[in-house]
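Student: Quick one: the structure is below, questions incoming.
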Amino acid sequence: MTRITTPFNAKTTAAEILAGVDLTGRRIIVTGGTSGIGLETVRALRGAGAEVTVASRNPAGDGRALDLSDPGSVRSFVAGWSGPVHAIVANAGIMALPDRQVAANGWELQLATNFLGHFALITGLHDNLRQAGDARVVTVSSGAQLREPFDFDDPHFERRPYDPWVAYAQSKTADVLLAVGIARRWAGDGIAANAFEPGYVHTGLQRHLDDGTKRAMGILDDEGNLLTPGYFTTPEQGAATAVLLAASPLMDGVTGRYFTHDNQEAEVVPGGPDVMTGVAAWSVDPAAADRLWDYAREAGLE
């Protein structure tokens, strides 16, 4: 397939993506939309006229409660929804928990929050997405998907040693595979799905990183002051690809693809520790997407 290009770049903001786009009447759910990239995604979509529901563990105002690591919370959210959903932006996530933590049902917490909870939410709202007739699902992944495939033998680190970055990376690989799985199954229902990585942005996602890691990344000086390297973008820029995939007319008919933070479709590359750009072949592998879908179903999430 020919890679998709757009007239935008890494410095384009979410509001600029939607300039001139009228989203009146479009109902959109954004998970984790109370801060960071999620908040800017919500602002841009609402600025274009969309009716946006913020799903968060600690909702405020017109938000709704949703704890992605708790299947009961996901079921309650789904049961309380009526009518069409025109887009879901699966934005909420956690990164690099220093110690292995598990949800109440035993799932490793990064996988439970970043992938499994979103799978349950999206599949639970399948009929609502189908009602829209032209719905979109956007999964927020990461360049970390280049580092690790999904480990079907021990996804919850019950036998292998826990590694915070391996756990994060496989959860973000799973997020891309989720988009591929939706594209393979639901195209006939008028539902498109794509994944993207927002690049490096200062948000609460880095709250679990220790000072040594932050210094190695170049975002903390020796005095403990936060730094912003040139390769970082702002939350408004980090949210650009989210709204591109969720609402831009340029993405009509586009599904099963992975985009980078410069708002262009990524090249498929072999994954590995030294690979810095693109999407790993294992992240868009149809067989892996089907296997992961079956895994999530067997876990009782569909």
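The values are calculated or read from the model by the stated rules, or taken from the named source; none is laboratory data. Keep in mind it's a predicted model, so treat the numbers as computed, not measured. All Cβ positions, glycine included, derive from the backbone under ideal geometry; neighbour counts span all protein chains shown. We work out accessible area using only protein heavy atoms, side chains counted, and drop any ligands, DNA or RNA first. Shrake-Rupley method; radii C 1.70, N 1.55, O 1.52, S 1.80 Å.
Student: With a 10 Å cut-off between alpha carbons and a GNM built on the chain, which of Gln145, Gln110, Gln101 moves the most?
Tutor: Of Gln145, Gln110, Gln101, the Gaussian network model singles out Gln101 as fluctuating most.
Student: What is the Cα coordinate range of the stretch 23-173 on the first, second and third principal axes, sorted by size from largest, in whole angstrom?
Tutor: Rounded to whole Å, the extents work out to 49, 29, 28 Å.
Student: Let me ask another. Can you pull the percent of the chain's accessible area that's carbon plus sulfur, 1.4 Å probe, other chains left in place?
Tutor: 49
Student: Hey, can you find the accessible area per residue of the chain for me, probe 1.4 Å, expressed in square angstrom?
Tutor: Computed with neighbouring chains in place, this is 42 Å² per residue.
Student: Let me ask another. Can you tell me how the stretch 125-199 classifies by the Cα gyration tensor, rounded, prolate or oblate, using a/c under 1.5 as the rounded cut?
Tutor: prolate
Student: With the Cα gyration tensor of the stretch 6-61 giving a ≥ b ≥ c as the square roots of its eigenvalues, does the rule (a/c under 1.5 for rounded; else a/b larger than b/c for prolate; else oblate) give rounded, prolate or oblate?
Tutor: Note, shape of the stretch 6-61 comes out oblate.
Student: So what is the relative contact order of the stretch 49-117, in percent, for Cα pairs below 8 Å that sit 6 or more residues apart?
Tutor: Relative contact order of the stretch 49-117: 28 percent.
Student: If you don't mind, another one. Which residues does a label at Lys11 reach in the stretch 252-279, if reach means a backbone N under 18 Å from a point 7 Å past the Cα toward the Cβ?
Tutor: 261-264
Student: Report the label-to-label distance for Thr2 and Asn105 in nanometres (one decimal), using points 7 Å from each Cα along the Cα→Cβ vector.
Tutor: Once both label points are built, they end up 4.3 nm from each other.
Student: Relative contact order (percent) for the chain, with alpha-carbon contacts under 8 angstrom and 6 or more residues of separation?
Tutor: 24
Student: If I model a spin label as a point 7 Å beyond the Cα along the Cα-Cβ vector, how far apart are those points for Glu267 and Asp153 in nm?
Tutor: For Glu267 paired with Asp153, the spin-label model returns 3.2 nm.
Student: Now a separate question. Once you sort the root eigenvalues of the Cα gyration tensor of the chain as a ≥ b ≥ c, which label holds: rounded (a/c under 1.5), prolate (a/b larger than b/c) or oblate (the other case)?
Tutor: rounded
Student: Moving on. Rounded to the nearest 500 deg cm²/dmol, what is the calculated helix-only ellipticity per residue at 222 nm for the chain, with -39500 (n - 2.57) per DSSP H run of length n ≥ 4?
Tutor: Dividing the helical sum by the residues of the chain leaves -9000 deg cm²/dmol.
Student: Using a Gaussian network model of the chain whose springs link C-alpha atoms within less than 10 Å, name the residue from Asp262, Asp67, Asp153 with the highest mean-square fluctuation.
Tutor: Asp153
Student: Give me the one-decimal nm value for the distance between modelled label points at Arg291 and Thr234, 7 Å along each residue's Cα-to-Cβ direction.
Tutor: The modelled label-to-label distance comes out at 4.3 nm.
Student: Further question on the same structure: With springs connecting C-alpha atoms under 10 Å apart, model the chain as a Gaussian network and identify which of Phe150, Phe119, Phe77 has the largest mean-square fluctuation.
Tutor: Phe77
Student: How long is the stretch 1-108 along each principal axis, judged by its Cα atoms, biggest number first, in Å?
Tutor: Answer, in whole Å and largest first: 45, 34, 31 Å.
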